[in-house]
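The values are calculated or read from the model by the stated rules, or taken from the named source; none is laboratory data. Being a predicted model, the structure only gives us computed values, none of them experimental. With ideal geometry, Cβ positions are generated from the backbone for all residues, glycine too; neighbour counts draw on all protein chains shown.
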Amino acid sequence: MQRSHLAKLFVREIQPNQDVAGAFAVADKQLKTARNGTSFLNLRLVDKTGEITGRIWENAQETADSIPSRGVVFVRGRSELFREELQLHIHAISPAEPRDVDPSDFLPVSPRDVREMLEELNRLVAGVKRPSLRRLLKHILEDEDLMRRFKVAPAAKSMHHAYLGGLLEHTVSVAALVSQICARYPELDRDLLVAGAIIHDLGKVEEFVYDLSIDYSHQGRLLGHMVLGLEILEEKLRHMKRFPPEEAMLLKHLVLSHHGQTEFGAVKLPMTREAFVLHHADDLDAKMNSLSRILAESKGSDAAWTAFQSVYGRFFFRGLPPSMEEAPPEEPEASRDRGVQLNFWAVEATGKKGAS
């Protein structure tokens, strides 16, 4: 099959009740059992525009054995809405030939320019006044191998900034956000907070692998990015003479506590004002990116609302379609040139105030 017939249809372009034929990367495959005891194959199919669930009901075990756990497959099927989520009912699937695969079809990229983000990051580092923290940040930025990975790595597998360059974008955004918060709350240690924001997710350069899809590395699953980030920080500190021990301890606390709660992966609860602020800034930036994606890409039956978002436990309002918006009533001709008195406290004949 020629390359022109593969990956012609992107996930973002798929509409409900549509015949689908195209190439997608398999990010996950699981053999499951339905309530009636029937086995089926559940696939997470991705390309650079998003992901979609694919299901195979016939010969599920044989099909699972014939397709890669991570690789590109050619799919034929039909899209359908199930519980307000767009899915693919797959009729035929087979591994794609490597010569027919263009990797650029499968990994999304940050909408921001990498050079602009690096310039903003360098400005934030230059704004750190304390010599010890500024030296540490420059030491990190001068590590060519670390920064090469840092510029490319995603910030998550799927929830937020899940694209190449996402880690850099998220880091710059959080660091800029905490800097602005410090302007409102001058009692905060701005230098420590900005440094912590730049360092807090460094471990994600080791947490993820990303070739045709984004997934966790073995280290990522076993250790997590907070532990991995702490290892990177400690390695940098070992090469710095006379770094203040208290600053090192507080930076490590920022890394280990920035998820806020242990059920969300925090190693420790935030125990300083700076840790508290970093947690909320990190969470806010992640959620804003996630919600922007949901609002832009959600395909529900009602265009005014997204599909139900199980992660947030709610629908999100996207705004009324133009056809449903009411035009403002036209002002009567006789009143257009006359001033109008708005009587918010009308007094009735009984002397009581009417409702405003």
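Some observations on this one:
- LEU124 vs. criteria crowded, with 16+ Cβ neighbours inside 10 Å and within 23 Å of SER290 (Cα to Cα): no
- The residue list VAL178, VAL227, VAL194 contains one member that is of a type in the set (Val, Ile, Thr) and surrounded by fewer than 19 Cβ atoms within 10 Å (Cβ to Cβ), which is VAL227.
- Counting only residues that are aliphatic (A, V, I, L, M) and touching an Asp or Glu at 6+ places or on another chain (Cβ under 7 Å), the range 251-280 holds 1 of them.
- Of all the listed residues (ARG130, ARG148, ARG115), the sole one being under 15 Å from VAL172 (Cβ atoms), surrounded by fewer than 18 Cβ atoms within 10 Å (Cβ to Cβ) and of a type in the set (D, E, K, R) is ARG115.
- Pick from the range 215-224, criterion among the small types (Gly, Ala, Ser) and either under 22 Å from PRO108 (Cα atoms) or in contact with a Phe, Trp or Tyr (Cβ under 7 Å, 6 or more places away or on another chain) (or both), ranking: surrounded by the most Cβ atoms within 10 Å (Cβ to Cβ): GLY220
- Residue check for LEU41: of a type outside the set (Ser, Thr, Tyr), under 24 Å from the mean Cα position of the chain (by Cα) and in the same structural domain as PHE24 (by TED's automatic domain parsing): no
- Some residue of the range 270-277 being surrounded by 21 or more Cβ atoms within 10 Å (Cβ to Cβ), under 19 Å from the mean Cα position of the chain (by Cα) and either under 13 Å from VAL194 (Cα atoms) or assigned by TED's automatic domain parsing to the domain that holds ASP191 (or both): no
- Number of the exception - ALA248 against (1) over 22 Å from the mean Cα position of the chain (by Cα); (2) of a type in the set (A, V, I, L, M, F, W, C); (3) outside any helix (DSSP H, G or I): (3)
- Identification of helices (runs of 4 or more DSSP H) wholly contained in the range 185-245 with 3 or more residues that are more than 25 Å from ARG44 (Cα to Cα) and assigned by TED's automatic domain parsing to the domain that holds HIS161 yields 190-199, 225-238.
- Boolean, HIS161 is assigned by TED's automatic domain parsing to the domain that holds GLU120, assigned to a loop (DSSP other than H, G, I, E, B) and buried (at least 20 other Cβ atoms within 10 Å of the Cβ): yes
- Screening ASN122 with (1) at pLDDT below 95; (2) part of a helix (DSSP H, G or I) gives one miss only, at (1).
- Count of the range 48-76 residues, restricted to those that are in a strand (DSSP E or B) and without any contact (Cβ under 8 Å) to a residue 60 or more places away in the chain, is 8.
Quick grid of which residues meet (1) at pLDDT 90 or above; (2) surrounded by 14 or more Cβ atoms within 10 Å (Cβ to Cβ); (3) more than 30 Å from LEU295 (Cα to Cα); (4) of a type in the set (Ser, Thr, Tyr):
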| position | (1), (2), (3), (4) |
| --- | --- |
| GLN30 | yes, no, no, no |
| THR53 | yes, yes, no, yes |
| ALA60 | no, yes, yes, no |
| GLY71 | no, yes, no, no |
| SER79 | yes, yes, no, yes |
| HIS89 | yes, yes, no, no |
| ALA96 | no, yes, yes, no |
| SER104 | no, no, no, yes |
| PRO108 | no, yes, no, no |
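- All positions within the range 59-71 that are more than 23 Å from the chain's Cα centre (by Cα) and more than 14 Å from ASN42 (Cβ to Cβ): ASN59, GLU62, ASP65, SER66, PRO68
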